[in-house]
Amino acid sequence: MVARTRSLAALGCVVLVLIASIPASAQIEDAISAYTGANAEGYLEPLAQAIGANLNSALFHSAHVPEGGLHVSLELGLMAVLFSDDDETFMATTEMGFSPETTVEAPTVVGPGGAIIVPGDGGTAFPFPGGFNLASLALAAPQLRIGSFKGTEALIRYMAFDTGDVEIGDVDLQGYGLRHSISQYLPGLPVDIAAGIMYQRFKLGDDLIDATAFSFGAQASMKLPLVFATIEPYAGLSMDTFQMDVAYDDEDNDPVSVEFDSRSTAHLTLGLHAQVTVVSLYGEYNIAEQSGFAFGMGFGF
Amino acid sequence: MNNKMRGIIALLIVLGLAAGITGCKLLHEKVVDIVLRNYAEMDFETREDSADYVGTPQIVDVADGIDEALAGFDPPLERSAITDARLLSASYEVTWLEDPEHDWEISGGVWIQYGLAESIIIDYSEQSLYDALGAGEISAELNQSGVNLFNAALDDFRSGLDPVLFFWVEGDSCAPLPTPADSLKFDWTGRFYMYVVSPITLEVPDLYGE
């Protein structure tokens, strides 16, 4: 009974990660409604980096792509980044005709919760809102891997739900990718090698966040059969591109649109995959502009 | 270490990672200072035949706009929760000038009254109406004693009162001098921007939060 309760608690925790992986969109919107332009971009920058890093993680856990036959695997990946001290603040500049114009260190969306108040001329003051005091940001996504045709497999990530009154905001994640076995052309190699591409689009709330991620790269892995399990260290090197738009209403209910510059980053993945019959588990560390870790599990044949 | 032991350790590492995450405390209580900004707006009509005039006072209910902003939050914020409220800036905008080709250079001030106390809050000197027309909002130079009165009203608002402020314009000089045959006629809008800070407590998902 205790074990069952723990299992249910663990399952509940995973479901919570799925539906509440980032702060409620309404709450973010409330926090940034005081901001426009460059300040809004600076405030949300760590969130953009973290979403981009998470989307481009847990895309693979092996470089082995069978040459043929039906192979299906249903997987759940949990990707997370840990924020550093540098992510907690940005240089913010006073707005709205405040005098004198002043630039100070203010909390980002992941920074400390306290507001920063800047004194001005004649007894006036300017406030910068606090952050959500986040140490990490996680994103969970189910994905389906289907192969193989001439050493090629497809990966589909999909998640869409209306959270109704939960105030998290509607979530929509779609991702499509292809991987092709390179090692099939290089017989005798001790490791498997594959190359792949992945496109993803993530939306949160009513256009609050609209992000697209693209990744292409190569992976290598080596299967080590060990008694009841197969252990497979894997590594990957990719080039990731991420772009994010944020739209919200300011305090006067005027629409504000913040377009983050498209950014590209090299991305190194180091991970370990274990497979026992139809169950696979994997954990990985991702080194990129925003480093993070991911783990996941899958059921497949 | 034999292969079997290596395999078991590797699997335990992967399983441990999974168990560690799923067994973690996911939701953490966070306190976030939310900033709400609002402004009090007043329209003035100036129709004068002389340089030194006193305009009709405009009445501003400070509580009105802020209460609306607090109520618009979900869940609504309470006045008692506000930790700070201050005047942020002020601006004025000339919206109509009877003869846009006829420039006037005016000096004077906007006065504020709260309770029995009154003070000048905005000084304007040698302001060309020709230049101001169509220039949008012009940042106003604020006077400390007037700002103190405004901030005192905001403090009283936080205490639960419904402060009412009076604003009026007093002209000091005008070039050329207005006369009954060539009177000064223009409309303008004044805005006083203020803010309130209120902490809210949220349950936020944070895998490694405290």
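The values are calculated or read from the model by the stated rules, or taken from the named source; none is laboratory data. This is a predicted model, so every value here is computed, not measured. Methodologically, a virtual Cβ is constructed for each residue, glycine included, from the backbone with ideal geometry; neighbour enumeration extends over all protein chains shown.
Of the helices (runs of 4 or more DSSP H) lying entirely inside region A:1-117, the ones with 2 or more residues being modelled with pLDDT of 85 or more are found at A:37-55.
Taking region A:252-264 as the range and being outside any strand (DSSP E or B) and of a type in the set (A, V, I, L, M, F, W, C) as the test, only A:F260 passes.
Looking at region A:97-140, which of the residues that are polar (S, T, N, Q) and closer than 29 Å to B:L149 by Cβ is nearest to the chain's Cα centre (by Cα)? Residue satisfying both the conditions and the ranking: A:T102. Within region A:95-111, if we keep just the residues that are buried (at least 22 other Cβ atoms within 10 Å of the Cβ) and in contact with a strand residue (DSSP E or B) (Cβ under 9 Å, 6 or more places away or on another chain), the residue that is farthest from the other protein chains (Cβ to nearest Cβ) turns out to be A:T108.
Out of the residues in region B:36-58 meeting the condition of being acidic (D, E) and in a loop (DSSP other than H, G, I, E, B), tell me which one is modelled with the highest pLDDT.
B:D49
Quick one: in region A:112-127, which of the residues that are of a type in the set (A, V, I, L, M, F, W, C) and within 7 Å of another protein chain (Cβ to nearest Cβ) is nearest to B:L154 (Cα to Cα)? Ranking the candidates gives A:A125 first. What is the residue count in region B:59-69 for residues that are assigned to a helix (DSSP H, G or I) and either surrounded by 16 or more Cβ atoms within 10 Å (Cβ to Cβ) or within 13 Å of another protein chain (Cβ to nearest Cβ) (or both)? Total satisfying the criteria: 7.
The residues on offer are B:T56, B:T46, and the sole one that is among the hydroxyl-bearing types (S, T, Y), buried (at least 16 other Cβ atoms within 10 Å of the Cβ) and touching a strand residue (DSSP E or B) at 6+ places or on another chain (Cβ under 8 Å) is B:T46.
Looking at A:A274, is it away from every other protein chain (no Cβ under 12 Å) and in contact with a strand residue (DSSP E or B) (Cβ under 6 Å, 6 or more places away or on another chain)?
no
The number of residues in region B:178-210 being surrounded by fewer than 13 Cβ atoms within 10 Å (Cβ to Cβ) and closer than 30 Å to B:S128 by Cα comes to 3. For region B:147-157, the criterion of being surrounded by 13 or more Cβ atoms within 10 Å (Cβ to Cβ), at pLDDT below 90, away from every other protein chain (no Cβ under 14 Å) and not in a strand (DSSP E or B) is met by none of the residues.
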